[in-house]
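The values are calculated or read from the model by the stated rules, or taken from the named source; none is laboratory data. Nothing here was measured: the structure is a model prediction, and the numbers come from that model. Every residue, glycine as well, gets a Cβ built from its backbone with ideal geometry; the counts of neighbours run over all protein chains shown.
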């Protein structure tokens, strides 16, 4: 099910692969099939919008304005506002076909927690201490904030943005035979269909299964139309152009970085050599050596040596 929403007059339409409500929470499921450098910001935006879209159906509550608010103590006025307490947590699940973000895990989940929890984990000095009492005290302080449910603060922790990595799931499932056993065939089939050099023999194990055989028939060449092939070819060409452009930017950035590094290294060396010359010149001046001799020995100009002498 594809869901379209308009954000503002200036924003483009947002398209989710799937959006639904499950057990008092809204869920987005999206698949990232080809390389995009902005997937972190993109899906964080989707995640936030999934919360914002709930404003459309929020119930109305009334607030009675009396006294000084109306500058009339004898009257009461009703103000209708959205009941934001009815907003439900959001789970955004992103299936990454290619990218793993450098993780070897099957998935990684992000949620909003008090900053003190992160500070506790990152405090290297604290974890190096031999005083367990101090460590436990800091942990207790963090737990107090983490467990605070005043005004439903725990709502923040119920919101999650989850990235699942297909490559890792397939690789790890093969290592651990019982892991995702029910779904491993689906993951492996998904990987195989992306290989252009596949042979018919690669899919024999799936042909014996009723569901898989129908799926293979639907994606086989016999059932694809000329229009389908044109779409696939155009998509592949487009993807290759995007990847080629990305590789070009990467190479240019790498070359530029190397050149910049070389230039910085050259400047550092020049500064180091200059300081060494000044140190030698200072010693020679203190020893009473003539400026002309120092110039020949260090390569410094007369004005540089005279300036050093005056200092």
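Determine, yes or no, whether residue 28 is at pLDDT below 85, surrounded by 14 or more Cβ atoms within 10 Å (Cβ to Cβ), closer than 30 Å to residue 245 by Cβ and in contact with a helix residue (DSSP H, G or I) (Cβ under 9 Å, 6 or more places away or on another chain). So residue 28 does not fit the description; no.
Whether any residue in the stretch 156-167 is under 26 Å from residue 28 (Cβ atoms), part of a helix (DSSP H, G or I), out of contact with any helix residue (DSSP H, G or I) (no Cβ under 9 Å at 6 or more places or on another chain) and modelled with pLDDT of 75 or more is what I want to check. Yes, that holds for at least one residue. Scanning the stretch 113-155 for residues that are part of a helix (DSSP H, G or I) and in contact (Cβ under 8 Å) with a residue 40 or more places away in the chain yields 152, 155.
For the stretch 1-24, filtering for residues that are modelled with pLDDT of 65 or more and under 23 Å from the mean Cα position of the chain (by Cα) leaves 7.
Please indicate, with yes or no, whether at least one residue in the stretch 109-117 is surrounded by 16 or more Cβ atoms within 10 Å (Cβ to Cβ) and in contact with a strand residue (DSSP E or B) (Cβ under 7 Å, 6 or more places away or on another chain). So far as the stretch 109-117 goes, no, none of its residues is surrounded by 16 or more Cβ atoms within 10 Å (Cβ to Cβ) and in contact with a strand residue (DSSP E or B) (Cβ under 7 Å, 6 or more places away or on another chain). With respect to the conditions (1) part of a helix (DSSP H, G or I); (2) under 26 Å from residue 43 (Cα atoms); (3) touching a helix residue (DSSP H, G or I) at 6+ places or on another chain (Cβ under 8 Å), residue 103 falls short on a single one, namely (1). Here residue 141 passes the criteria (1) closer than 26 Å to residue 27 by Cβ; (2) at pLDDT 90 or above; (3) in contact with a helix residue (DSSP H, G or I) (Cβ under 9 Å, 6 or more places away or on another chain); (4) exposed (fewer than 15 other Cβ atoms within 10 Å of the Cβ) except the one numbered (1).
Apart from one condition, residue 212 fits all of (1) closer than 30 Å to residue 310 by Cα; (2) surrounded by 10 or more Cβ atoms within 10 Å (Cβ to Cβ); (3) modelled with pLDDT under 85; the exception is (1). With respect to the conditions (1) assigned by TED's automatic domain parsing to the domain that holds residue 48; (2) over 26 Å from residue 39 (Cβ atoms); (3) outside any loop (DSSP other than H, G, I, E, B); (4) without any contact (Cβ under 8 Å) to a residue 24 or more places away in the chain, residue 185 lacks only one, and its number is (4).
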